[in-house]
Structures are given as C-alpha cells and as structure tokens.
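Below: the structure, in structure tokens.
The values are calculated or read from the model by the stated rules, or taken from the named source; none is laboratory data. Only a predicted model underlies this, so the values are computations on that prediction, with no experimental measurement involved. In this analysis, Cβ positions are derived from the backbone assuming ideal geometry, glycine residues included, and neighbour counts consider all displayed protein chains.
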Amino acid sequence: MNIDELALCLEKLGHPNRVEIFRLLVRAGRGGLAVGEIQRHLGIPGSTLTHHIGQLVAAGLVQQTREGRVLRCTAAYERMDQIVAALTAECCAGVPTVRTKEFQDG
C-alpha cells in the first residue's frame, strides 16, 4: 500500500461515525450486515449513514452487495490488513540520522 492510499484510508476513518461503522462490520464477520441492521445498531440517520458508508466504500474499506432489496455491507479485511501492515512495516527499525544543511555544507 503506498502512502497516498494509506492516507486516504486513514482520512476516511477519521470520523467517529465511520470508525463505528467499520468496527461494527469487522465484528460482524464475513457475512457483514444489511444497511438497516447497521442503522439499528448505531442509531445513525439513514441519509447520514449512506454518506458515511459511501466514504468507506470509496476508500476500499467496505464492500457492498445487493441481495434483492437488501444492501449488505462487509468490511474489506484484506484492505484492513494492508493498513495495519503499512503502519507497522518498519516497527522498531530505528530512525535514520538527520543531517542538517549546516553539517552537509561543512
């Protein structure tokens, strides 16, 4: 995952309602939840919920499938794993020495 993709995902998760939606879908497992179920669990108004789910879908964090009249949402687990991997890829690898301009010129 490149830095721009990572930043987009974190930006989209940067709203409390979207974090709640995503966490609920992660807890729900691979079967996901219908949009109506998400609304009942979180108490978010329908139009607001649709907006937030749209933002998560645009970032690749949530996938939607239509089952007749039901729109089912599932967490994109592969994307979630990519985010965690990108954030922890260089854990404890050390920080490179910073060279100041003054030092470089001298």
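Here is a yes/no grid of residues against (1) at pLDDT below 95; (2) within 25 Å of the chain's Cα centre (by Cα); (3) over 30 Å from GLY31 (Cα atoms); (4) polar (S, T, N, Q):
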residue	(1), (2), (3), (4)
GLN82	no, yes, no, yes
CYS91	yes, yes, yes, no
ARG99	yes, no, yes, no
GLY106	yes, no, yes, no
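Under the condition of being in a loop (DSSP other than H, G, I, E, B) and in contact with a Gly (Cβ under 7 Å, 6 or more places away or on another chain), the residues counted in region 45-78 number 1.
Residue check: is GLY32 modelled with pLDDT of 95 or more, surrounded by 14 or more Cβ atoms within 10 Å (Cβ to Cβ), on the phi > 0 side of the Ramachandran plot and touching a Ser or Thr at 6+ places or on another chain (Cβ under 8 Å)? In short, yes. Would you check if there is a residue in region 79-101 being in a strand (DSSP E or B) and either in contact with a Pro (Cβ under 9 Å, 6 or more places away or on another chain) or loosely packed, with under 14 Cβ neighbours inside 10 Å (or both)? No: region 79-101 contains no residue that is in a strand (DSSP E or B) and either in contact with a Pro (Cβ under 9 Å, 6 or more places away or on another chain) or loosely packed, with under 14 Cβ neighbours inside 10 Å (or both).
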